[in-house]
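Accompanying notes for the structure given below.
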Amino acid sequence: MAATPHRIVIVGGGAGGVHLATRLGRRLGRQGRAEILLVDRDASHIWKPRLHEVAAGTLDSGQEQVSFVVQASRHHFRYWPGEMRGLDRTRKVIQLGALADRNGAEVLPARALSYDTLVIAVGSRANDFGIPGVREHCSFIDSRDQAEEFNAALRNQVLRCLSGPDAATLDIAIVGAGATGVELSAEINTALDFAAGYGVGDIRRRLRLTLIETAPRILGALPERVADAAQKELRKQGVTVLTGAQVVAVDAAAMHLKDGRSIPAPLKVWAAGIQAPAFLAELDGLESVRSRQLVVRPTLQTTRDDHVFALGDCSFLLPEGEKVPMAATAQVAQQQAEQLARGLEAMLDGKKLPEFRYKHGGALVALGHYNAFGSLGRLGLLGDGTFIQGRFAQWTYVSLYRRHQLGLYGFWRSLMFWLADLLRKGHAPRVKVD
Ligand SMILES: Cc1cc2nc3c(=O)[nH]c(=O)nc-3n(C[C@H](O)[C@H](O)[C@H](O)COP(=O)(O)OP(=O)(O)OC[C@H]3O[C@@H](n4cnc5c(N)ncnc54)[C@H](O)[C@@H]3O)c2cc1C
């Protein structure tokens, strides 16, 4: 009787997990050397760094999504719908919650799924730090549903504003001036420019957008020169940037700051900090930090279980000799997935797991259709730390997404997607206006 193949279960098909499943499927699943299973609570993948475009209405998420069923059938892995809720390390099973439809009706009951090797890649969300009113009154853009919800609210607010008196303003406050908050601010301006092009009134003139950041400067994780350039560009677009400003409470009408000021805004977005999903904090004795991220070794194995790995935003890896952990970025998640795919193959061959070494590919921020700024990393041909801006930076930023597509589809299919995007740009509306 043939032996049952080693079962690798990957939970989370985001920037890291979907790459890992695709690579392992091609290398191990195709030859029957392992059974690869991808579990995700959603039916399709969308690259999270593009969610601010979905939120602003400049990207149709339906066109950019990757169906897990289709990806799995083409790349020799299986997709298993479900939301992980718990883990039993002794029995080597994960627990999945019941699956419900949009109306809350149960589709599948709670289930258990066994594994030989488990990889947790469930990402992160913004951190409300327990500040009163944030959950109730702010939008988050950590998932496609949330980004679409914000976009619907934005369009409603635009309508109210245009049908109100001439002096009515469109007030938006965004908390957190990391890549998400900065890119969203510029993308909203971009969306309103496009809307004006379709004759939707002079709404851009009425926009009062405030970007609030506790730290002394915006884009704390990026080089100072990039942050300075981005801040100048935002101001040129009319965005009010408040740094060193701490939000202490939020209500339906406004954000309230520690220094006593209030920023009135019916539309409020919370894009500050990160934390891993709550169920990771107490996951059958695995070690986690305050932000609930699972502590991993350089092999990406969790510190207390050799059979459980974690990667991407939900993992906490402090490289030897460093003071800060690996950043929560798509670049890190993707490199970890590529490394782990090689590592798991080596493990099945009885070899030692390699250690993760991050290759800094640069840091970039895109400000809508206006500009982009960045500094090249070690992968850049112009040398480590070179400052870039304008068309070249915009092209480099887009190429990050194209690399992601290349990993998922291979060269020819990616080329077709790229050409299809070019054709679509020529005739499709550039912003959601209805
Ligand atoms: C608006 C925005 C802009 C960004 N811009 C950039 C950028 O320019 N550059 C950059 O490098 N990074 C950027 N980031 C950060 C980047 O998106 C993340 O670092 C990256 O997506 C992390 O990848 P991941 O695989 O760890 O998790 P994710 O990509 O978040 O994927 C997590 C997956 O897990 C699934 N999941 C979650 N919980 C469960 C569960 N319990 N059970 C089953 N499935 C579950 C989710 O459905 C999702 O598919 C941005 C983030 C945002 C929100």
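The values are calculated or read from the model by the stated rules, or taken from the named source; none is laboratory data. Here the structure is a predicted model, which is why all the values come from computation and not from measurement. Here the Cβ is made from the backbone with ideal geometry for all residues, glycine too, and neighbour counts use every protein chain on show. For accessibility, only protein heavy atoms count, side chains too; no ligands or nucleic acids. Shrake-Rupley method; radii C 1.70, N 1.55, O 1.52, S 1.80 Å.
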message = Taking amide H atoms as placed 1.01 Å from N in the peptide plane, list the residues 5 or more away in sequence, or in a different chain, whose amide H sits under 5 Å from that of residue 207.
response = 170
request  = Given the options 277, 216, 81, state which has the largest fluctuation in a GNM of the chain using a 10 Å cut-off (strictly under) for Cα springs.
outcome  = 216
task = Any chance you could give the angle, 0 to 90 degrees and rounded to 10, that helix 179-197 forms with the longest Cα principal axis of the chain?
result = 50 degrees
request  = Give the angle, between 0 and 90 degrees and rounded to the nearest 10, that separates the Cα long axis of helix 224-236 from the longest principal axis of the Cα atoms of the chain.
outcome  = 40 degrees
ask   = What list of ³J(HN,Hα) couplings, whole Hz, do you get for segment 131-144 from phi and the Karplus terms 6.51, -1.76, 1.60, once you set θ to phi - 60° and write x for glycine and proline?
value = 6, x, x, 4, 4, 6, 10, 10, 8, 10, 10, 8, 9, 4
request  = Give the cross-link partners of residue 268 among the lysines, using a straight C-alpha distance below 18 Å as the criterion and excluding same-chain residues fewer than 8 apart.
outcome  = 258
ask   = Restricting to the chain, what percent of DSSP beta bridges are antiparallel, rounded to 5?
value = 50 percent
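Go through 92, 48 and list them by solvent-accessible area, largest first, probe radius 1.4 Å.
Values: 92 55, 48 75 Å².
Descending accessible area places them as 48, 92.
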query = Where does the charge balance sit around residue 16 when Lys and Arg score +1, Asp and Glu -1, over other residues with C-beta under 10 Å from its C-beta?
reply = -2
query = Between segment 24-51 and segment 74-147, what is the C-alpha centre distance in whole Å?
reply = 15 Å
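Give me the percent of the accessible area of segment 134-270 that comes from carbon and sulfur atoms, probe 1.4 Å, all protein chains in place. Mind dumping the intermediate values first?
Working: 3060 of 6040 Å².
C and S atoms contribute 51 percent here.
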ask   = How much of residue 345 can a 1.4 Å solvent probe reach, expressed as accessible area in Å² and rounded to 10?
value = 30 Å²
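What order do 348, 353 take when sorted by accessible area (1.4 Å probe), most exposed first? If you can, show how the numbers build up before the last one.
Numbers: 348 55, 353 30 Å².
Sorted descending by solvent-accessible area, the residues read 348, 353.
Under 8 Å for C-alpha pairs, at least 6 residues apart: give me the relative contact order for segment 134-270, rounded to a whole percent.
Values: 207 pairs, mean separation 43.0, N = 137.
Across segment 134-270, relative contact order equals 31 percent.
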note = Computed over the chain, protein heavy atoms only, probe 1.4 angstrom, the accessible area per residue in square angstrom equals 48 Å²
request  = Please determine, in degrees from 0 to 90 and to the nearest 10, the orientation of helix 330-348 with respect to the longest principal axis defined by the Cα atoms of the chain, where the helix direction is its Cα long axis.
outcome  = 0 degrees
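How high is the relative contact order of the chain, in percent, with contacts defined as C-alpha pairs under 8 Å that are six or more residues apart?
Details: 855 pairs, mean separation 69.3, N = 434.
Computed over the chain, the figure is 16 percent.
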remark   = Yeah, segment 362-427 with a ≥ b ≥ c from its alpha-carbon gyration tensor (a/c under 1.5 is rounded, else prolate when a/b outruns b/c, oblate otherwise) is oblate
task = Starting from the residue with the highest accessible area, list 356, 140, 129 in decreasing order, probe 1.4 Å.
result = 129, 140, 356
ask   = Pick from 349, 171, 116: which residue has the top mean-square fluctuation in a GNM of the chain where Cα pairs under 10 Å get a spring?
value = 349
task = Report residue 418's accessible area, 1.4 Å probe, all protein chains in place, as a number in Å² to the nearest 10.
result = 110 Å²
note = Rounded to the nearest 10 Å², the accessible area of residue 76 using a 1.4 Å probe with every protein chain kept is 80 Å²
key: Size of the chain as Cα extents on the principal axes (Å, biggest first)   = 78, 48, 44
remark   = Charge dipole of the chain built from unit charges on the beta carbon (Lys, Arg +1; Asp, Glu -1), centred at mean Cα; most positive-end Cα among 93, 103, 169 is 93
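Could you list, in their original order, any pairs among 92/359; 92/323; 232/425; 359/432; 236/432; 48/352 whose Cα atoms are separated by more than 26 Å? Write out the running numbers ahead of the final one.
On the way: 92/359 33 Å; 92/323 34 Å; 232/425 29 Å; 359/432 37 Å; 236/432 24 Å; 48/352 32 Å.
Cα-Cα > 26 Å for 92/359; 92/323; 232/425; 359/432; 48/352; rest within.
Would you compute, from DSSP H runs of 4+ residues alone, the mean residue ellipticity of the chain at 222 nm, taking -39500 (n - 2.57) per run and dividing by the full residue count, rounded to the nearest 500?
Values: 12 runs with 141 residues, N = 434.
Mean residue ellipticity at 222 nm (helix-derived): -10000 deg cm²/dmol.
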